[in-house]
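Engineer: First the structure, which I've put down as structure tokens, then a few questions once you've had a look.
The values are calculated or read from the model by the stated rules, or taken from the named source; none is laboratory data. What you are looking at is a predicted structure, and each value in this text was computed from that prediction instead of being measured. Glycine also receives a Cβ, built like all others from the backbone with ideal geometry; neighbour counts cover every protein chain displayed.
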Amino acid sequence: MTAMPQLKQREKSLIDCHVHLAALPEGTNGCLISEKMLKSPLFRFLLWKHQLSPTDPAAANRKYIQDLLEELRASQHVQQAVLLGMDGVYTNDGRMDPHATEFLISNDYVLEQAKAHPNEFLAGVSINPQRIDAIEELQRCAELGATLVKVLPNAQQFDPGHYRYKKFYRELARLGLPLLSHVGYEFSLIGKDQSVGDPNRLQTALEEGATVIAAHGCSYGLMVYEKFYPTILQFVNRYPNFYADISALTLPNRLGMLLKLRHHPEIFDRLIFGTDYPLSVFHLPLWGLASFSTIRRMMLTTNRFDRQYLVCQNMGLGFVSFNTIIQSTQPSLPSDALPSTDI
Ligand SMILES: [Zn+2]
């Protein structure tokens, strides 16, 4: 299959909108990790895969950043990555609940890394709208140059469809900051109420005018069937401010959606490039669909950013870069607004 001409022009100018920042608590970096999480199989696998030592957090944190920079700089297609933070769980009255929070990557740590490496990183802060200072934190992060806000309702234990968050979503719209929300089941963290991963709950944010990126192409993540396949097609038609990212779509549990979406060129301009780094990118989806030489090329492409680009492209899945959203969500702030952000 030949490369799509519109994508060829963007080589080495793509932004990956879905790259996880990982860090162990160290000094004043504001990050947290529970004992339970430290012992989880996925976490141990990531430590082993990236050869990170939990006994030397400072060295492990530096190595994670260095490895990511190295892989990104070596990519032939991807120029920049949006680094994602991870907010905690908050009580009903909006206070941080350290016992229910398994994992926290602080906004200050995300912003600091983006500032230290402006050619490679953009800041994808995480703000649980349940927190009492959600709007203040949003304004603070916008001032410091955040480029989007990431939420993971299943792990952060809030319902994104609740009317109480309308003001937060309106502020996102005013500041021109997109909301990137996890969709479907969540295995990697300790998910609680999995029903809050339903993309239909993102309608509250969409109705309030926020630009929304549904993660993982709205895939369900359970391999059985893609219950949100009609939802993604309907939302693209209904909401000009709705997008989905293509991160993690080569994983066996999300592959079903990739196989469906590739037949919908009419929505390719709403699909945003992303990987879900540090998760692996599989060449499995191409088996039976591409020639052996193409598959061999994918196998030899060990750079995860390039492999995601090439596998999706060879599957016939079109996508655009996160730049498209940045350009279309320029904030129109009233006169008493905050100073403009870097986006
Ligand atoms: Zn992710």
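Engineer: Can you find even one residue in the stretch 122-141 that is within 16 Å of the ligand (Cβ to nearest atom), within 17 Å of residue 241 (Cα to Cα) and in contact (Cβ under 8 Å) with a residue 60 or more places away in the chain?
Structural biologist: Checked the stretch 122-141: no residue is within 16 Å of the ligand (Cβ to nearest atom), within 17 Å of residue 241 (Cα to Cα) and in contact (Cβ under 8 Å) with a residue 60 or more places away in the chain.
Engineer: For the structure I just gave you, tell me whether residue 89 is β-branched (Val, Ile, Thr), touching a residue at least 40 places away in the same chain (Cβ under 8 Å) and closer than 22 Å to residue 152 by Cα.
Structural biologist: Here the answer is yes, as residue 89 does meet what is asked.
Engineer: Further question on the same structure: Testing residue 2 on (1) modelled with pLDDT of 90 or more; (2) more than 16 Å from the ligand (Cβ to nearest atom), one condition comes back false. Which one is that?
Structural biologist: Here residue 2 meets the rest and fails (1).
Engineer: Just name the residue that is surrounded by the fewest Cβ atoms within 10 Å (Cβ to Cβ) out of those in the stretch 66-89 that are within 17 Å of the chain's Cα centre (by Cα) and of a type in the set (A, V, I, L, M).
Structural biologist: Taking the stretch 66-89 and keeping what is within 17 Å of the chain's Cα centre (by Cα), we get 68, 72, 78-88.
Retained after the next criterion (residues that are of a type in the set (A, V, I, L, M)): 68, 72, 78, 81-84, 86.
Numbers: 68: 24, 72: 22, 78: 30, 81: 30, 82: 27, 83: 29, 84: 26, 86: 27.
Restricting to residues being within 17 Å of the chain's Cα centre (by Cα) and of a type in the set (A, V, I, L, M), the top hit is 72.
Engineer: Only one of these is surrounded by fewer than 18 Cβ atoms within 10 Å (Cβ to Cβ), more than 22 Å from residue 245 (Cβ to Cβ) and at pLDDT 90 or above: 61, 92. Name it.
Structural biologist: None of the others qualify; the one that does is 92.
Engineer: Would you be able to say whether some residue in the stretch 41-51 is buried (at least 22 other Cβ atoms within 10 Å of the Cβ), within 16 Å of the ligand (Cβ to nearest atom), modelled with pLDDT under 95 and closer than 23 Å to residue 157 by Cα?
Structural biologist: There is no residue in the stretch 41-51 that is buried (at least 22 other Cβ atoms within 10 Å of the Cβ), within 16 Å of the ligand (Cβ to nearest atom), modelled with pLDDT under 95 and closer than 23 Å to residue 157 by Cα.
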